[in-house]
2 protein chains.
Amino acid sequence: MERIPEAEWQVMEILWAESPMGAQDVAERLAPGTGWSLATVKTLLGRLLAKGALAHEEEGRRYLYRPAVAREACVAGESRRLVDRLFGGRATPLVAHLAESGQLSEADIAELSKLVKELGK
Amino acid sequence: MERIPEAEWQVMEILWAESPMGAQDVAERLAPGTGWSLATVKTLLGRLLAKGALAHEEEGRRYLYRPAVAREACVAGESRRLVDRLFGGRATPLVAHLAESGQLSEADIAELSKLVKELGK
DNA sequence: GCTTGACGACTACGTTCGTAATCGATAACT
DNA sequence: AGTTATCGATTACGAACGTAGTCGTCAAGC
């Protein structure tokens, strides 16, 4: 699975949320957050197409884009890479770390507790 | 806090594990895993120095390098970035994801359970 | 003293990334 | 039919990255 860099990831997010969609539409949804020009978005779409992360179907003389890889799979790859690199492949230290560095709210902990109970069964 | 790229991270790992240390020594420990030449390692050390991630003290006519930033802090930054990007800043879905994608062993879950219990108090 | 070897500094160069302009083709408008 | 707006493709270009060679300097050995 190809690695998807930061900027391209944001494009994917749009299309994971809703697809298929034309370049124009993608650009419109990204603009508020990023300020990217249409040209920039088109470049990113092209690169994602080239690496097979997107598929396109022609609608008239333009393309409609849709993801060709599942968000799940990409997220799995990314988080595995991080856990490998930072925590020697073990997930528990990650959670411990998040907790210690105050990145878990009360609600998070409650939810985790439920989740863990679920997993333990 | 400056972002530390992949290759430089590996250099930091060496020095987080043991420091201070000369360039030669760092290179020797990296070589088995990476195959990098001494020149490459020196470049990375220089870049890390420039961005303030390392400090150096002169020992004779060479440098001894030591980390100038805590591993903890860097790890915090990296994992926060990931959690923000992939899970909208919420840690619970990360754990859920790790679990679902089979990246948590029995032992992990047991450990997590203990950890969560601890956190809940 | 002169050479040799090791050190850090500087330079190099291909690739990826972020951001965008430009171009050739074609559809729409007048 | 001729102009204009739009589409995807191509090209651009600086910064960051990965990897490494070269250079000036100085210490150690002969």
Worksheet item: Which of the residues spanning the stretch A:1-11 are more than 8 Å from the chain's Cα centre (by Cα) and farther than 11 Å from A:C74 by Cβ?
Response: A:P5, A:E6, A:A7, A:V11
Fill in: Among residues of the stretch A:50-79, those that are within 16 Å of DNA strand C (Cβ to nearest atom), away from every other protein chain (no Cβ under 12 Å) and within 28 Å of B:Q103 (Cβ to Cβ), counted
5
Worksheet entry | Looking only at the stretch B:47-64, and only at residues there that are surrounded by 14 or more Cβ atoms within 10 Å (Cβ to Cβ) and part of a helix (DSSP H, G or I), the one that is farthest from DNA strand D (Cβ to nearest atom) | B:L49
Practice prompt. May I ask you to verify whether A:L104 is within 14 Å of another protein chain (Cβ to nearest Cβ), within 21 Å of B:A91 (Cβ to Cβ) and part of a loop (DSSP other than H, G, I, E, B)?
Written response: yes
Worksheet item: Just checking, how many residues over the stretch A:9-46 are within 12 Å of DNA strand D (Cβ to nearest atom) and modelled with pLDDT under 95?
Response: 0
Item to complete: Take B:A96 and decide whether it is more than 16 Å from DNA strand D (Cβ to nearest atom) and either under 30 Å from A:G120 (Cβ atoms) or within 14 Å of the chain's Cα centre (by Cα) (or both).
Response: yes
Practice prompt. Please tell me if A:W36 is at the interface with chain B (Cβ under 9 Å from one of its Cβ atoms), among the aromatic types (F, W, Y) and either surrounded by 18 or more Cβ atoms within 10 Å (Cβ to Cβ) or over 30 Å from B:K117 (Cα atoms) (or both).
Written response: no
Practice prompt. Can you work out which of the residues in the stretch A:12-26 that are away from chain B (no Cβ under 13 Å) and either within 14 Å of the chain's Cα centre (by Cα) or within 10 Å of DNA strand C (Cβ to nearest atom) (or both) is surrounded by the fewest Cβ atoms within 10 Å (Cβ to Cβ)?
Written response: A:E18
Worksheet item: Taking A:A76 and the conditions (1) over 13 Å from the mean Cα position of the chain (by Cα); (2) outside any strand (DSSP E or B); (3) free of Cβ contacts under 8 Å to residues at least 60 places away in the same chain, which numbered condition does it fall short on, given that it satisfies the others?
Response: (1)
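The values are calculated or read from the model by the stated rules, or taken from the named source; none is laboratory data. Just so it is clear, the model here is predicted, and its values are computed rather than measured. For neighbour counting, all protein chains shown are included, and Cβ atoms are generated from backbone atoms with ideal geometry for every residue, glycine included.
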